[in-house]
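The values are calculated or read from the model by the stated rules, or taken from the named source; none is laboratory data. Model, not experiment: these values are computed from the prediction. As a convention, Cβ positions derive from the backbone with ideal geometry for all residues, glycine included, and neighbour counts pool all protein chains shown. Remember, those area values only see protein heavy atoms, side chains included, never the ligands or the DNA or RNA. Shrake-Rupley method; radii C 1.70, N 1.55, O 1.52, S 1.80 Å.
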Amino acid sequence: MGGDRIPPGWKSMELSLYSEIVMQVTGKSDLGEVLEQKPPGVDLGEFLLRSKAISHEELAEIYSRLYKVPYISLKDPSELDAELVRQIDPVLIQRFFFIPFRRGADGFSMTVIVHDPGNLGVLDELERALGCRINAAVASALEISALITELFPEYSGLMPDYSDEGSDQSEEDIQLLKGESEDERLSHGATGEEGLTESSSPVVKLVNRVILTGITERASDIHFEAYEAGTKVKLRIDGVLLDIREDIPRSLSSMVVSRIKIMSDLNIAERHLPQDGRFKLRIRNRDVAFRISILPSIFGESAVIRILDKQAMGFSLNEVGLSVPDLMRFEENIRKPYGMILVAGPTGSGKTSTLYTALKKINRPEDKIITIEDPVEYQLNDIVQVPVDVKKGMTFARGLRSIVRQDPDKILIGEIRDEETASIAVNAALTGHLVLTTIHSNNAVDTLGRLMNMGIEKYLFASAIIMIVSQRLVRKICKHCQRLLDRTEVVAVAKRHRWLSRYDYDIDSARMMIGDGCLFCNHTGFYGRIGVFEVMEMSDNIKNMILRDVPSTEVYEAALKEGMIPLRDNCFSKVAEGFTTLSEMDRVTRL
Ligand SMILES: [Zn+2]
């Protein structure tokens, strides 16, 4: 979180004022030697803290005098305005790392406690996000961290860790959990690359730091792209790539990839063929799994790390984004004793999350539920989860054949990719099991075509399938920088999106929103995503049409007549309700 700082230019007068305050607070007059080592552009206080010359409390007091803001000790939480804390979004508090302290008597201002009142960028952003004038007070980072953890335990894993004073703990707090093939791993490690297994090595620290950034920024993937000048690091957040400007110099590029290979038990000597692997890290007492893909490119190997963060789960069906009528249809069908439910959509459209949420909803102790997944993305209670491992011969089809013999009531199949899996799944659904699965296809009609191409007889899947749900994810407008579009803007938007005229949309009562971008949302204007759906139930009428080989467009029309709400209409409701934008709708649903 960069920002303008005072003092700006490190003019000697300001520096001497600064060091005078430092000496007053610490009572130390022998800091001259430490001060000389301070690199230009680094904040003096932070430098002293890192050199272990001063404590967190002393730094807070120094800042208090330097910026003339009150110093507040958070040791006694009864001082806090609990009601005010409750009113503020905990995500905002964790993200900006502050404590709301007091509302001003005028009603238009608020005092917030930060650890670095010199970071004007953060204060500006807070002013916008909270919509009132901000007065800063300062407390030690240690105390702010402890208090936020106490107030919001769910964020304890995501907080910067200040517990060990002055050390680079944040990166060292990552521990690699060794896989079963440790011997192999060690032998790879012995092929000449040194300094890639020691936690103190700069390359190890760099990779750990990038992974930690990925997790705190809610990224789904971390991309390391090899170019001539070096490696670019990008994060996929809410489905869109973001350059985080943590560029890796060319001299370190191959070392970074080697480190990732070592973490995931891959062969570091192999640089000319693609490799896939996985690893697990313990990050601040939380296990996070990662899937790795390495691809040789002209300027070296590129790597992509997918983050499979179990803690990211936990929403309910209502929060998934289903409209009320669709939600009712959906819930009715997942409670049926047998049949097949398919969720269709492209990669990364949230299909699996929707199925997990459905499974959680219908999970009862009297039912046996088994899943087969590649990989197991989230661990669920009281459900047997089977991972696919193609290298070891454990395919979807093979696993599924055994699962059916395990006397299950409900089966979740991560994805139907091949004919064999499709055929076993359809059979299971026809023999008294509820089968939940996903398929890589655009919509319900497309799904029927795919199953037919896989060689499944239409009379089989027509009787097996009870519901096909098509899904996409749209980005939600950031709550902290959102604003209503004014009339001129709505008119301009309507002009740009001519199809808007198809909707019964009244420009004068428009409640379209936009996010202008802020620190909270990495200046994208979006934060988080929400699902948009098209729920097609297999009525007897539609089953008959499929059996009679009626063209798919007519099947679609019939479904609409029976009350199916088209994906784009559902998406447009999200625009009209101010959840997302028209451009986002276009990006995701495409005309
Ligand atoms: Zn924002």
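Structure data summary
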{"quantity": "Hypothetical label at SER539: residues of segment 455-469 whose amide nitrogen lies under 19 Å (7 Å Cα-Cβ projection)", "calculated": "462-469"}
{"quantity": "Hydrodynamic radius of the chain per Kirkwood, over alpha carbon pairs, in Å", "calculated": "27.3"}
{"quantity": "Label-to-label distance, nm, for residues given as ARG483 and LYS561 (7 Å Cα→Cβ offset)", "calculated": "4.9"}
{"quantity": "Amide hydrogen neighbours beyond the local backbone of HIS497, cut-off 5 Å, H modeled", "calculated": "none"}
{"quantity": "Rough spin-label spacing in nm, given labels placed 7 Å along Cα→Cβ, for THR213 and TYR459", "calculated": "6.0"}
{"quantity": "Hits among lysines - C-alpha to C-alpha of LYS234 under 30 Å, sequence gap 8 or more where chains match", "calculated": "LYS178, LYS205, LYS261, LYS280, LYS310, LYS351, LYS391, LYS476, LYS479, LYS574"}
{"quantity": "Proximal lysines to LYS336, defined as alpha-carbon separation beneath 16 angstrom and excluding residues fewer than eight positions away on the same chain", "calculated": "LYS360, LYS361, LYS368, LYS410"}
{"quantity": "Segment VAL491-GLU228, extension gain: residue separation times 0.36 nm, minus the distance between their alpha carbons", "calculated": "90.1 nm"}
{"quantity": "Pair VAL550, GLN406: separation of 7 Å Cα→Cβ label points (nm)", "calculated": "4.0"}
{"quantity": "Listed peptides 76-82, 346-352 by packing density, highest first (mean Cβ within 10 Å)", "calculated": "346-352, 76-82"}
{"quantity": "Contour minus Cα-Cα distance for GLU46 and TYR505 (0.36 nm per residue)", "calculated": "159.8 nm"}
{"quantity": "Among beta bridges that DSSP assigns inside the chain, antiparallel share in %, nearest 5", "calculated": "65"}
{"quantity": "Protection-proxy order for peptides 412-424, 287-299, 44-56, each taking the mean of Cβ atoms within 10 Å per residue, highest first", "calculated": "412-424, 44-56, 287-299"}
{"quantity": "Förster radius 41 Å - calculated FRET efficiency between ASP247 and TYR67, Cβ distance, rounded to 0.05", "calculated": "0.80"}
{"quantity": "SER109/LEU17 FRET efficiency (R0 30 Å; Cβ-Cβ; nearest 0.05)", "calculated": "0.60"}
{"quantity": "Carbon plus sulfur fraction of accessible area for the chain, probe 1.4 Å, in percent", "calculated": "50"}
{"quantity": "Amide hydrogen neighbours beyond the local backbone of GLN385, cut-off 5 Å, H modeled", "calculated": "THR371"}
{"quantity": "By average C-beta atoms within 10 angstrom, highest first, the peptides 108-118, 462-472", "calculated": "462-472, 108-118"}
{"quantity": "Residues LYS368 and ASP287, FRET efficiency given R0 of 25 Å [Cβ-Cβ distance, rounded to 0.05]", "calculated": "0.45"}
